[in-house]
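A short worksheet on the structure shown next.
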Amino acid sequence: MAARGDYSAADRMLVCEPWTTGDPHWQSLALSARGSFRRQVGDLEAARACDERALALADRALSQADAGIGLAADHVAMGD
């Protein structure tokens, strides 16, 4: 969706069911995706908040790595 320019639809999809409830692994991955999206549109504070929450929920190696990479990208983007 975002790749086609429909940023608001992409953002809405990443905060709706089933991504926001249930399995913490999928919640974490959805938050990492939303963090990446927010970073790409220049909303760095929201990106960092999503990635921090994603890391807190991450319960498997994949979701932990995804959240960690997102946080690293946040730091680079913010010049930390």
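The values are calculated or read from the model by the stated rules, or taken from the named source; none is laboratory data. Worth saying up front: this structure is predicted, and the values here are computed from it rather than measured. Positions of Cβ are generated from backbone atoms using ideal geometry, with glycine treated the same way; all protein chains shown enter the neighbour counts. For the accessible areas, the whole protein counts, side chains as well, though only heavy atoms, and no ligand, DNA or RNA atoms are used. Shrake-Rupley method; radii C 1.70, N 1.55, O 1.52, S 1.80 Å.
Work out how much length W26 to Q40 would gain on full extension: take 0.36 nm times their residue separation and subtract the Cα-Cα distance, in nm to one decimal.
Value of the extension gain: 2.9 nm.
Ignoring any ligand, DNA or RNA, what whole percent of the accessible area of the chain comes from carbon and sulfur when the probe is 1.4 angstrom?
Summing carbon and sulfur atoms, their accessible area is 58 percent of the total for the chain.
Just one of [x] 22, 58, 20, 0; [y] 19, 43, 29, 9, 0; [z] 22, 51, 26, 1 is P(r) over Cα pairs in 10 Å bins from 0, in percent calculated from these coordinates, so which is it?
[z]
With only Lys, Arg, Asp and Glu charged, each at its Cβ (+1 for the first two, -1 for the last two), find how big the charge dipole of the chain is about the Cα centre; round to the nearest 20 debye.
That gives a dipole near 160 debye.
Take each complete run of DSSP H in the chain, measure how far its Cα atoms stretch along the helix's own axis, and keep only those covering 18 Å or more with mean Kyte-Doolittle hydropathy at least -1.0; list them.
Going by DSSP H runs, the hits are 24-40, 44-57, 61-78.
Can you work out the accessible area per residue across the chain, with the rest of the protein chains kept in place, probe 1.4 Å, in square angstrom? Before the final figure, lay out the partial values.
On the way: 4610 Å² over 80 residues.
Value returned for the chain: 58 Å² of accessible area per residue.
Starting from the 7 Å offset along Cα-to-Cβ, what nm value, one decimal, do you get for the label separation of R12 and A72?
Here the answer is 3.5 nm between the modelled labels.
For A3, project a label point 7 Å along Cα to C-beta. Then give me every residue of segment 35-50 with its amide nitrogen under 18 Å of that point.
35-41
Near A58, within a Cβ-to-Cβ distance under 13 Å, what is the net charge of the other residues, with Lys and Arg +1 and Asp and Glu -1?
Within the 13 Å Cβ shell, the charges total -3.
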